[in-house]
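Here's the structure we're looking at; comments come further down.
The values are calculated or read from the model by the stated rules, or taken from the named source; none is laboratory data. Every value quoted in this text rests on a predicted model; they were computed, and no experiment measured them. Here Cβ is always computed from backbone atoms with ideal geometry, including for glycine, and neighbour counts include all displayed protein chains. All accessible areas refer to the heavy atoms of the entire protein, side chains included, with ligands and DNA or RNA removed. Shrake-Rupley method; radii C 1.70, N 1.55, O 1.52, S 1.80 Å.
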Amino acid sequence: MAGRWYPDDPVPLAAELDVMLASAHVEPGASLRAIVVPHAGLMYSGPVAAYAYNAARHHRVGALVLVGPSHFVPFAGVSIWPDGAWDTPFGPVAVESDLVAALRSASNEITDFPSAHGREHSLEMQLPFVAHVMPGVPIVPMVMGHQTRATAFALGAAIARATRDRHDVLLVASSDLSHYEDAATAATLDGVVLERVEALDAEALMGALETEPRHACGGGPMVAVMEAARQLGASSARVLRYADSGDVSGDKSSVVGYMAAVIG
């Protein structure tokens with residue numbers, strides 16, 4: 001998506017990110033286990049995502065576990081990228097292979113299915129923020145195929161087991177909310193997700209997604225990260241920002257919803 005959804009030149013990209021971060025005023029929390037961020041084109045969802053990444057700047061982060069949906073490749077389970085690095089305009093972001101190994105041994109839901117990552121943007125859209133705000137911090141990229149209850153909760157438990165002794169690991173759930181509804185309908189649908197996230201209630205969010213899939217494209221990743229954070233001791237969640245694409249485009253007749261939240 002570099003050169004299309006965000007600048008592929010590091011200078012204008014850094015300038016654009018800095019403007020968004022400067023506008024995203026966040027009161028630091030005492031603890032942080034996870035964030036929820038959107039993944040649309042930078043001009044649309046970046047001003048919202050900046051709130052979560054600004055919050056993360058106030059904490060020591062040694063690695064990030066990124067979980068997003070697979071938009072293009074249907075498959076069972078979760079595909080993890082095993083090693084190497086992911087390229088960004090700011091340079092490569094290394095994959096934390098030791099943590100990959102720990103996660104793969106924690107659940108048979110986690111597999112190596114490289115084709116799931118080929119066209120996928122849900123994780124790529126996090127990398128400009130990650131590389132700019134947390135330079136040198138490695139990642140563990142995972143995309144979820146069929147977002148079933150079993151997969152989401154199994155992944156949440158696996159993440160908790162693999163990171164229990166790594167207090168410097170930040171969990172990142174990548175998800176946009178409702179798609180192509182008018183702004184009023186979107187706000188109603190998205191409000192259900194915001195309420196479940198702020199309650200840190202992964203079970204209730206999963207139930208809402210099973211009843212109405214229009215709530216979010218990355219609902220399963222949100223459930224997994226919320227469940228992992230809860231098992232790791234998180235006790236509260238806070239929505240920092242909600243917006244929709246119409247706030248940028250001016251078209252409120254068909255919008256995509258975006259949320260930034262912190263869990264700690």
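Quick look at the numbers
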item	result
Scope segment 194-218; condition in contact with a Leu (Cβ under 6 Å, 6 or more places away or on another chain), closer than 16 Å to Ala260 by Cβ and in a helix (DSSP H, G or I); matching residues	Arg196
Hits in segment 41-55 (condition: crowded, with 24+ Cβ neighbours inside 10 Å, over 12 Å from Trp5 (Cβ atoms) and either among the hydroxyl-bearing types (Ser, Thr, Tyr) or touching a Gly at 6+ places or on another chain (Cβ under 9 Å) (or both))	Tyr51, Tyr53
Counted residues, segment 245-264 - those being open to solvent by less than 10 Å² (accessible area, probe 1.4 Å) and not hydrophobic (A, V, I, L, M, F, W, C)	3
Qualifying residue in segment 219-226 (condition: touching a residue at least 12 places away in the same chain (Cβ under 8 Å) and either of a type in the set (S, T, N, Q) or open to solvent by 60 Å² or more (accessible area, probe 1.4 Å) (or both))	no
Hits in segment 56-105 - residues which are open to solvent by less than 10 Å² (accessible area, probe 1.4 Å) and within 21 Å of Ala237 (Cα to Cα)	Ala56, Ala63, Leu64, Val65, Leu66, Val67, Gly68
Flag for Thr151 being over 18 Å from Ala116 (Cβ atoms) and among the polar types (S, T, N, Q)	no
Any hit, segment 162-176, residues being part of a helix (DSSP H, G or I), in contact (Cβ under 8 Å) with a residue 12 or more places away in the chain and among the charged types (D, E, K, R)	no
